[in-house]
Every structure is written in structure tokens, then in C-alpha cells.
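The values are calculated or read from the model by the stated rules, or taken from the named source; none is laboratory data. Quick caveat: nothing in here was measured; it's all calculated off a predicted structure. Note: ideal-geometry Cβ built from the backbone for every residue, glycine included; neighbour counts use all protein chains shown. Keep in mind that these areas ignore ligands, DNA and RNA; they rest on the heavy atoms of the full protein, side chains included. Shrake-Rupley method; radii C 1.70, N 1.55, O 1.52, S 1.80 Å.
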Amino acid sequence: MATLSDVASMAGVSISAVSRVLSGAADARVSDATRQRIHDAARELRYQPNYAARALKLSRTEVVALVVPDLTNAIVSELMHGVEDEGYERGYMVLLARAESELEQYALPRLIGEGRIDGALVQAADAMLPDELREQIDSGLPVVYVNSNHPDDSGFVDLEDELGVAVATRHLINLGHERLAFVGGLASSVTGRRRVAGFRSEMASAGLTVDDALVTDLGYELEAGRVAVRQLLAQRTRPTGIVVANINAGFGVLLELRSQGIEVPRDVSVVALHDAWTADSTWPPLTTVKMPRYELGRAAMAALYERIHGGTVPRIVVTDPPPRLIVRESTAALER
């Protein structure tokens, strides 16, 4: 295996010059030609840095963890790509950790305890309350929460959940729908509370009354969407439009409506928050509101980097690009 000494010998420079150039040090005062010669020599010799030794020297691993509740979630990939792209530009590797119902089951405690990561981005499960999160992640490790529940004193990067749901609600109102249902997240979820607030606010702005019997808070999973539909159909007067707080629950809504013999959008229109390639594969294709999850990932990684290196505690809401309505075949004008 090639060493710094081997690279220095081939490039005709000192070992310290090679070390500074290959580590990207700001004080590497060498000419462009010398810098290129060093990189060419390292590439030819297939030099690989000793990251373990570097981590000991800098007290950093240049690795962070991204913890998400479920890797099968259709909208995780955009977030992950944003985190990875920003991490790459900042010289950080990203480990992906899958969470189940409790943080004890995360890979995160082990990564923290063994000193393998410099920080973590955590999209907490909806059922995890702030006090539980604080108990589980109490190591002094820099943590940034990503659009999810978080302790009040922690750093976070959020989306405009209220606005996204308002866009979805306004779409159905503009199509002539007035009796709307809302299929929401858990009441314990900060995103769930924001999204139902966006629905109620937009309904009020349009001068429409919300029927609380048509508002559910069962969660974002596919099965939660199916159960919500069964509850809605049990009401005396059914909705003509359904706003769903998450695309995964939206898939469940479509499945259950179909199984109940209700045609979308002839009998009821459906629109969901978040977008994914799978929205084109449902029947009918699902109208969605695309949220900036790639930009969320980049902003979260940048915030974590600043927290690791500068100690800043971020309080960020990603507003650019704004929520964008993507109209497909699951919504249509109300036939009177």
C-alpha cells in the first residue's frame, strides 16, 4: 500500500506538502503545477489516506449518520440524495441507519458509543416524543432533527408543512369541492399537527366548515390510510374530496376506496402531500404536492456540518423551492 512518503518521492516534494495538499488544508501554499503533480502521483500509486489515523489526530471521523424510520418509505430517497450530495461537497461520508419503533433499536446508540460518527441527522418516528428522544440521545453528540419531533432545545431543519397542505386543500376547493375530509398523521407528531392546521386554516380562508368527523389522525402508513377511509365512509354524509397528509397513506386511501367500489375521481377526489415516482404507478395516478425534500437533505447536512464545526444550533425552515402541485388523474372538478 502506497504511503505519503511514496507520493512525495514520485512528485518530488516534501511529505508535509503532500499531506497538506491531499487533506485540502487551507495553508497548502504550493503552485497549481505542484498541486497537480501531487494528485497525479497519488492517483498513479493508488494512495488511500489512513482515515483511522486522521480521525485520531483530528478527533473527527468525517462520517455522519442519517437515521430514518423506514427505508421502504417512497419519499426517503430524495432526502438521502440531498444529504449525500451536500456531505460529499463537505468531505463527509453518510451512514444510513434504519429505525423501528424505539431508539433503542436504532444503530445510532452503538455508532455514538463507539465514536464512529461526528454527528447525526435524525428523522424521528412519529410516535417518539421529545422527552423520549432526549433520553435516548444524551451524549453531547451534535444532532439535527429533520422535519420530525424534537426536543425544544435541539437543532432542526423543517419543511413548510402547513403551506403544503394548504396548496393541496386549495386545489380541491378550486375544483368545487366543499365537503372535504383530512387523513392526517398522529396527534403526537409535530408534522401531523402542522398539517392539520394547514388544512383547517385553508378551509377557514375559503369560508368552509370543517366536519371534525371527517378528520382522522391515524398516521402516515399505507394501512393507516385504509383504516381512515373505512372511518370516513361510515359517516352519514361522505366527503367529495380527501386531503391526505402523506403520500404513503394516500396509496392506502386509493386502495381502500377501490376495494369499496368507490371510483376516483368520479365519486371522490384525492390529493396527497409529498411526491414520488410511485405516484404515477397507482390507479388512478395520484395528484400530489411536491415538497423540497432534496433541498431539505442538503440544508440538514449543511446545518449539521456547521453544528459540528462551529457549535451553532440551527432553527431552519426550507422555503425554496415552495410546495408545488402536481396534478394527475385522482382529482377532478365536482359534478353538481
From the alpha carbon gyration tensor of the range 206-299, can you work out the equivalent ellipsoid semi-axes (sqrt of 5 times each eigenvalue) and give them in Å, largest to smallest? 23, 16, 12
With axes computed from alpha carbons, what is the tilt in degrees of helix 222-233 against the longest principal axis of the chain, rounded to the nearest 10 within 0 to 90? 20
For the chain, whose charge dipole is built from +1 on Lys and Arg Cβ atoms and -1 on Asp and Glu Cβ atoms, the candidate among Ile38, Val318, Thr288 with its Cα farthest towards the positive end is Ile38
Helix-only [θ] at 222 nm, the chain, -39500 (n - 2.57) per DSSP H run of 4+, per residue, nearest 500, equals -12500 deg cm²/dmol
Loop-resident sites, the range 262-332, for GluC sites (Glu not before Pro), counting at most 13 other Cβ within 10 Å (DSSP): Glu263
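Just to verify a number: FRET efficiency for Ser259 and Ala206, C-beta to C-beta distance, R0 = 30 Å, to 0.05?
With R0 = 30 Å, the Cβ-Cβ based efficiency is 0.45.
Please report, as a whole percent, how much of the solvent-accessible surface of the range 245-288 comes from carbon and sulfur atoms (probe radius 1.4 Å).
Roughly 51 percent, rounded to a whole number.
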So how do 224-232, 5-13 stack up, highest first, on mean other-Cβ count within 10 Å? 224-232, 5-13
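For Cα pairs less than 8 Å apart in space and 6+ apart in sequence, what is the mean separation divided by the residue count of the chain, i.e. the relative contact order in percent?
Contact order relative to length: 17 percent.
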Average accessible surface area per residue within the chain, 1.4 Å rolling probe, Å²: 48
Please compute the net charge surrounding Gly219, taking Lys and Arg as +1 and Asp and Glu as -1 over other residues with Cβ under 14 Å from its Cβ. -2
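Quick one: work out the % antiparallel among DSSP beta bridges in the chain, nearest 5. Present the calculation step by step, with values, prior to reporting the outcome.
Details: 3 of 37 bridges.
Rounded to the nearest five, the antiparallel share is 10 percent.
Treating only the Cβ atoms of Lys and Arg (+1) and Asp and Glu (-1) as charged, compute the dipole magnitude of the chain about its Cα centre; round to the nearest 20 debye.
560
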The range 218-271: relative contact order in percent, alpha carbon pairs under 8 Å with at least 6 residues between: 43
For a quick size check, give me the Cα extents of the chain along its three principal axes, largest first, whole Å. 83, 41, 34
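Please compute the Kirkwood hydrodynamic radius of the range 264-306 from all pairs of different C-alpha atoms, in Å with one decimal.
This gives a value of 12.3 Å.
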Scoring the range 213-336 by relative contact order with C-alpha pairs under 8 Å, at least six apart, yields a percentage of 23
Is the range 128-259 rounded, prolate or oblate when judged by the Cα gyration tensor, a ≥ b ≥ c being the square roots of its eigenvalues, rounded requiring a/c under 1.5 and prolate requiring a/b larger than b/c? prolate
Distance (nanometres) between label positions extended 7 Å along Cα→Cβ at Arg230 and Arg315: 4.3
Give me the dipole magnitude in Debye, nearest 20, for the range 164-207 about the Cα centre, with unit charges on the beta carbon: positive for Lys and Arg, negative for Asp and Glu. 140
Report, to one decimal in Å, the Kirkwood hydrodynamic radius for the range 178-336 based on all distinct Cα pairs. 16.6
How charged is the neighbourhood of Arg194? Take every other residue with its Cβ under 10 Å from the Cβ of Arg194, and add Lys/Arg as +1 and Asp/Glu as -1. -2
Using +1 on the beta carbon of Lys and Arg, -1 on that of Asp and Glu, and nothing else charged, what's the dipole of the range 129-266 about the Cα centre, debye to 20? 880
Starting from the Cα of Leu95, step 7 Å along the direction of its Cβ; do the same at Ala33; then give the gap between the two resulting points in nm. 4.5
Quick one: helix 247-259 against the long Cα principal axis of the chain, what's the angle to the nearest 10°, folded into 0 to 90? 30
